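The values are calculated or read from the model by the stated rules, or taken from the named source; none is laboratory data. No experiment lies behind these values; they were computed from the predicted model shown. Cβ: placed from backbone, ideal geometry, glycine included. Neighbour counts: every protein chain shown. Just so you know, the surface numbers come from the protein's heavy atoms only, side chains and all, with ligands and any DNA or RNA stripped out. Shrake-Rupley method; radii C 1.70, N 1.55, O 1.52, S 1.80 Å.
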Amino acid sequence: MATATISSALLSSDDPARLRDWYASVFDATVEQVGDDPGYDVVDLDGFYLMIDARDDVSGPAREPARLILNLEVDDIHATAARVDDLGHGWLAPVEDRDGSWFGTATDPDGNFVQIIALSEAMVRDAQEASMTPFSGFAVRDIDAAAEFYGDVLGLRVARSDSGMLTLHLDRRTRVLVYPSDDHRPASHTVLNIPVADIDVAVDELVGRGAAVLRFPGMPCDDKGIMRGRQMGMGPDIVWFADPSGNVVSLLH
């Protein structure tokens with residue numbers, strides 16, 4: 001196992017705000033400002049952090065844009081391509097189908113090359129089977145109901161295998177296996193914890209999609225069912241739901 005993980009990249013520009021806004025808009029990403037003034041912007045690309053700042057030794061367009069190309073796998077490549085078109089900085093190579101997978105190379109406002117990718121289901125499955133990254137799993141009674149809950153209600157990426165199991169893709173590298181079990185009994189603990197940026201908004205959305213908040217005796221929860229741990233010095237704000245098989249899932253902030 002390698003002793004290092006690539007989790008972020010630093011991208012410098014003489015107009016970091018323009019570059020930040022392009023990446024946030026094209027990839028529908030959230031942005032956080034960190035560090036002392038002026039600090040730098042961090043664009044969260046599904047768990048990979050693109051940090052954008054200004055440097056005295058960086059000015060003008062990228063001089064060798066092919067030296068380092070960001071590869072970004074997207075959920076909807078045609079919607080992403082439309083946002084690239086709307087922002088008007090063009091393409092090195094427009095999006096095209098290559099044996100069931102889609103590839104295109106856009107140029108950002110500084111002229112850096114950015115390859116956007118949508119792999120075919122077969123390529124995703126092959127990569128998943130070849131992966132040496134550990135993953136966890138849990139059982140459910142009804143795999144179809146689980147697919148609907150985790151995909152449509154929670155909004156996770158859900159893939160179904162030929163063998164009838166589900167893979168929850170929490171991000172591009174983290175996955176959880178969900179498998180059917182006729183004699184399933186729900187665990188007495190939480191099986192999945194999902195961090196959210198705004199727990200109140202997230203609870204309202206899930207309740208609006210039909211999810212019911214769980215309440216546990218002795219837990220000091222508010223009217224929404226949220227335990228405000230941050231206010232009480234008891235850890236994060238947290239709320240619990242149950243999937244159709246009775247497995248407990250939490251949202252936390």
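Only residues that are among the aliphatic types (A, V, I, L, M) and either part of a loop (DSSP other than H, G, I, E, B) or touching a Cys at 6+ places or on another chain (Cβ under 8 Å) (or both): list them for region 93-134, please.
Leu119, Met132
Taking the residues in region 108-135 that are in contact with a strand residue (DSSP E or B) (Cβ under 6 Å, 6 or more places away or on another chain) and open to solvent by less than 30 Å² (accessible area, probe 1.4 Å) as candidates, determine which candidate is nearest to Leu19 (Cα to Cα). If you could, list the steps in order and put the result at the bottom.
First, pick out the residues of region 108-135 that are in contact with a strand residue (DSSP E or B) (Cβ under 6 Å, 6 or more places away or on another chain): 108, 113-120, 123, 135.
Next, from what is left, pick out any that are open to solvent by less than 30 Å² (accessible area, probe 1.4 Å): 108, 114, 116-118, 120.
Numbers: Asp108: 7, Val114: 12, Ile116: 17, Ile117: 20, Ala118: 23, Ser120: 29 Å.
Checking each candidate, the answer is Asp108.
Consider only pairs whose beta carbons are under 6 Å apart and that are at least six residues apart or on different chains; among these, list those whose first residue lies in region 48-75 and is within 24 Å of Gly104 (Cα to Cα) and whose second residue is in a loop (DSSP other than H, G, I, E, B) and at pLDDT 95 or above.
Cβ pairs passing all conditions: Pro61/Asp110; Pro61/Gly111; Ala62/Asp110; Ala62/Gly111; Ala62/Asn112; Pro65/Gly111; Pro65/Asn112.
Counting only residues that are among the polar types (S, T, N, Q) and touching a residue at least 60 places away in the same chain (Cβ under 8 Å), which one in region 154-197 is nearest to Asn71 (Cα to Cα)?
Residue satisfying both the conditions and the ranking: Thr174.
How about region 229-241: which of its residues are at pLDDT below 95 and hydrophobic (A, V, I, L, M, F, W, C)?
Answer for region 229-241, where residues must be at pLDDT below 95 and hydrophobic (A, V, I, L, M, F, W, C): Met232, Met234.
Hey, could you check region 164-218 for residues that are more than 24 Å from the chain's Cα centre (by Cα) and charged (D, E, K, R) and say which is nearest to Leu252 (Cα to Cα)?
Out of the qualifying residues, it is Arg215.
Yes/no per residue for (1) modelled with pLDDT of 95 or more; (2) in contact with a helix residue (DSSP H, G or I) (Cβ under 9 Å, 6 or more places away or on another chain); (3) under 30 Å from Ser245 (Cβ atoms); (4) not hydroxyl-bearing (Ser, Thr, Tyr):
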| position | (1), (2), (3), (4) |
| --- | --- |
| Ala93 | yes, no, no, yes |
| Phe103 | yes, yes, no, yes |
| Asn112 | yes, yes, no, yes |
| Ser120 | no, no, no, no |
| Ser131 | no, no, yes, no |
| Ser161 | no, yes, yes, no |
| Thr167 | no, yes, yes, no |
